[in-house]
Amino acid sequence: MLEPRNSADLAPRPLESRAVFTGLLVDVAGTLHSELVMYMAAGLVAMLSGYPVEGTAAFFVFNFLRGLFFTGLGGYMASRTARSLPLRHALLTGIISLAVSIFFNFNLDAPGGVLSWPLVLGLLAVVPVAVLGGLLANPERNL
């Protein structure tokens, strides 16, 4: 015979701002700090060799993967620090990270907000990568 569920089990669980903030901090701070190091290294290589590396395909691919890595790590951290609903915290981290990415890309990039396919691809990948980080953090926990 089935036992009646406790009403406390049916109550909606709130999202924890601490977990989302931790994920965002890891994502944004990690991305910005690694970008600083990467551009300093690119400037040093350009100064020593006379060859600008900022326009190369390898630099672009590394920059793209670096940003997605920290987004996934942010989703991972949000999911690990959440007491309940880990994937929802990772999802919210990804959505806010997408908003931050859109803000920085349209305010700091080329004048007129020119969209390129790599930028669109990167923006479309932000939320799924954050959720993937949440899945990797807690494969056995509830959604």
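Contour minus end-to-end for LEU36 and SER17, with contour as 0.36 nm per residue of separation and end-to-end as the Cα-Cα distance? Provide the component values of the computation, followed by the final result.
Values: separation 19, 0.36 × 19 = 6.84 nm, distance 2.77 nm.
Additional length available on full extension: 4.1 nm.
Give the distance, in whole Å, between the Cα centre of the stretch 48-83 and the Cα centre of the stretch 11-36.
Going from one Cα centre to the other spans 16 Å.
In what sequence, highest mean first, do 100-106, 53-59 appear when ranked by Cβ atoms within 10 angstrom?
Final packing ranking: 100-106, 53-59.
Label point 7 Å out from PHE103 along Cα-to-Cβ: which residues of the stretch 25-41 have amide N under 18 Å?
So the set is 25-33.
Between ALA29 and PHE64, take the C-beta separation as r, use R0 = 25 Å, and let me know the FRET efficiency to the nearest 0.05.
0.85
Read-outs: derived from the displayed coordinates by stated rules, not from any lab. Just so you know, these numbers come straight off a predicted model, no measurement behind them. All Cβ positions, even for glycine, are placed from backbone atoms using ideal geometry, and neighbour counts span all protein chains on display.
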